Amino acid sequence: MKQPKPVKVIAVTSGKGGVGKTNISVNLGISLAEMGHEVAILDADMGLANVDILLGLHPEFNLSHVLAGEKSLAEIIVEGPSGLKVIPASSGIQKMSELGTAEQAGIIRAFSDISDDVDILIVDAAAGISGSVVNFARACQDILVVVCDEPTSLTDAYAFIKLLNRDYGLCRFNIVTNMVDDQQQGRELFEKLLKVTDRYLDVAISFAGAIPRDDNLRKAVRKQQAVTKSFPGSPSSIAFKNLARKIDGWPVATSAGGQLEFFVERLIQYSSSEGMPV
């Protein structure tokens, strides 16, 4: 029996809403796909799923249909720009804590079935520090925390990192600064967060990159398109491509735990043991 290939699973998170997290997930995914990767985005914001809206897609089915045994995972996937695969999951994920053993095996098998077609999975998590967001972050191999230049963004990001570190032992986080004037401001924003985490927490945070404020990005959102497709030469598009190159260099787990079905197993385990809020 052929061994499933390792998959890089990245949670894109933020302490607060309104920091451009989904835009980063989508444009990062497209940039990685254009580098030759097979990329999927799991839309994991239960209340405000918007990956499909941002890309002007109209999914007919979502993960709840897979959980009900009505569709395979391959049948609900919607293709976005540059071959990006979108898994609409908003109304299905919250039921994971209620799955029986056979249903759990079914959803794990469903993800296993697409593992040959995916080498990077981006999990676009909801904002905040609810139980579901924490469970997604714990199940992923890498965590990308999005912050912008607002005091509440920094304090909420710090609270999120502190929770994952003190309660669950996570100690590696990657920071991307968004809607900054330039790379220097982005780096300074990261340094502010680093100063606090270094002082109070036992964590290692790394600067993944900065995305500049860009009118073209707003224009692309209004057109329900990704800025990397609509305005590929714009400052934010170039920054997304640089971020993708940085992430492409992150190591992939080569053990069994790096396979896609193990991500889903961990997610089910965490949500079942602690309860995933609806």
Answer residue from region 81-125, given it is modelled with pLDDT of 80 or more, among the acidic types (Asp, Glu) and assigned to a helix (DSSP H, G or I) and is farthest from residue 143 (Cα to Cα) among those: 113
Single unsatisfied condition, residue 149 versus (1) free of Cβ contacts under 8 Å to residues at least 40 places away in the same chain; (2) under 26 Å from residue 31 (Cβ atoms): (1)
Residue list for region 158-173, filter: touching a helix residue (DSSP H, G or I) at 6+ places or on another chain (Cβ under 8 Å) and part of a strand (DSSP E or B): 173
Residue list for region 178-227, filter: polar (S, T, N, Q) and either touching a Leu at 6+ places or on another chain (Cβ under 9 Å) or farther than 24 Å from residue 80 by Cα (or both): 183, 184, 185, 197, 206, 224, 225
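Residue check: is residue 181 at pLDDT 95 or above and more than 23 Å from residue 240 (Cβ to Cβ)?
Numbers: at pLDDT 95 or above: yes; more than 23 Å from residue 240 (Cβ to Cβ): no.
Judged against the criteria, residue 181 is not a match.
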Subset of region 135-156 (residues that are of a type in the set (A, V, I, L, M) and closer than 11 Å to residue 267 by Cβ): 137, 139
Residue identified as hydroxyl-bearing (Ser, Thr, Tyr) and in a helix (DSSP H, G or I) among 177, 155: 155
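Looking at region 234-268 only, could you name the residues that are of a type outside the set (A, V, I, L, M) and under 19 Å from residue 179 (Cβ atoms)? Lay out the reasoning, then the answer.
Keep residues of region 234-268 that are of a type outside the set (A, V, I, L, M), which gives 234-237, 240-242, 245-246, 248-251, 254-255, 257-259, 261-263, 265-266.
Result: 234, 235, 236, 237, 240, 241, 242, 246.
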Whichever residue in region 62-80 is surrounded by fewer than 17 Cβ atoms within 10 Å (Cβ to Cβ) and farther than 16 Å from residue 40 by Cα and, among such residues, is modelled with the highest pLDDT: 70
Pairs with Cβ under 9 Å, 6+ apart, first in region 233-245 and over 14 Å from residue 213 (Cβ atoms), second of a type in the set (Val, Ile, Thr): 241/228; 243/24; 243/176; 243/211; 244/30
Long-range neighbours under 9 Å by Cβ, at least six apart or interchain, first residue over 11 Å from residue 121 (Cα atoms) and buried (at least 20 other Cβ atoms within 10 Å of the Cβ) within region 32-45, second modelled with pLDDT under 95 and basic (Lys, Arg): 45/21
Flag if residue 145 is part of a strand (DSSP E or B), surrounded by 15 or more Cβ atoms within 10 Å (Cβ to Cβ) and β-branched (Val, Ile, Thr): yes
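The values are calculated or read from the model by the stated rules, or taken from the named source; none is laboratory data. Just so it is clear, the structure is predicted and the values come from calculations on it, not from any experiment. Positions of Cβ are generated from backbone atoms using ideal geometry, with glycine treated the same way; all protein chains shown enter the neighbour counts.
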